[in-house]
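J.: Sharing a structure here in structure tokens format.
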Amino acid sequence: MFEPNEVLKTLAGRGLVSADGCGSVRVRYRVVIERRADGVVAYGTLHGSHSNLRPIWIEPDAQLRLANGRRLAISLTDLVEDVAEFESTGPVGSL
């Protein structure tokens, strides 16, 4: 049995975020991986250039490439100055 909203892992590092039609943006990330009643989700923050993150924020689907090379499907939910918040939009898998 597991606890609802159980934090499984927190990752931090440098990576790239991209979306169709937008250039890749170098970011520092913090990803929280959490088990919920409906499955495993990820959310967190990205630190990068506001002007480069803005086009990705407008797009509904993006991808975060972590320092270990793994990829996570995300959607940016907020962008304030150089900090973006995101949520996973697909399977989280083993990161």
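J.: Quick check on the chain: helices-only [θ] at 222 nm, where DSSP H runs of length 4 and up contribute -39,500 (n - 2.57) each and the sum goes over total residues. Nearest 500, please. Let's see the in-between values first.
T.: Details: 1 runs with 9 residues, N = 95.
That calculation yields -2500 deg cm²/dmol at 222 nm.
J.: Give a quick list of GluC sites (Glu not before Pro) in segment 20-95 that DSSP marks as loop, anything other than H, G, I, E or B, with at most 12 other Cβ atoms within 10 Å. Before the final figure, lay out the partial values.
T.: Details: sites: Glu34, Glu81, Glu85, Glu87; in loops: Glu81.
Answer in residue order: Glu81.
J.: Alpha carbons only, please: Rg and Dmax for the chain, in angstrom.
T.: In order Rg, Dmax, the Cα atoms of the chain give 12.9, 45 Å.
J.: Taking loop as defined by DSSP and a crowding limit of 16 other beta carbons within 10 Å, which trypsin sites (Lys or Arg not before Pro) in the chain fit? Each step should come with its number before you reach the end.
T.: Values: sites: Lys9, Arg14, Arg26, Arg28, Arg30, Arg35, Arg36, Arg65, Arg70, Arg71; in loops: Arg70.
Within the chain, the qualifying trypsin sites (Lys or Arg not before Pro) (loop, at most 16 other Cβ atoms within 10 Å) are Arg70.
Every read-out reported here was derived from the displayed coordinates using simple, explicitly stated rules and does not represent laboratory data. Keep in mind that what you see is a predicted model, and the values were worked out from it rather than measured. So basically every Cβ, Gly included, is an ideal-geometry build from the backbone, and we count neighbours across all protein chains shown.
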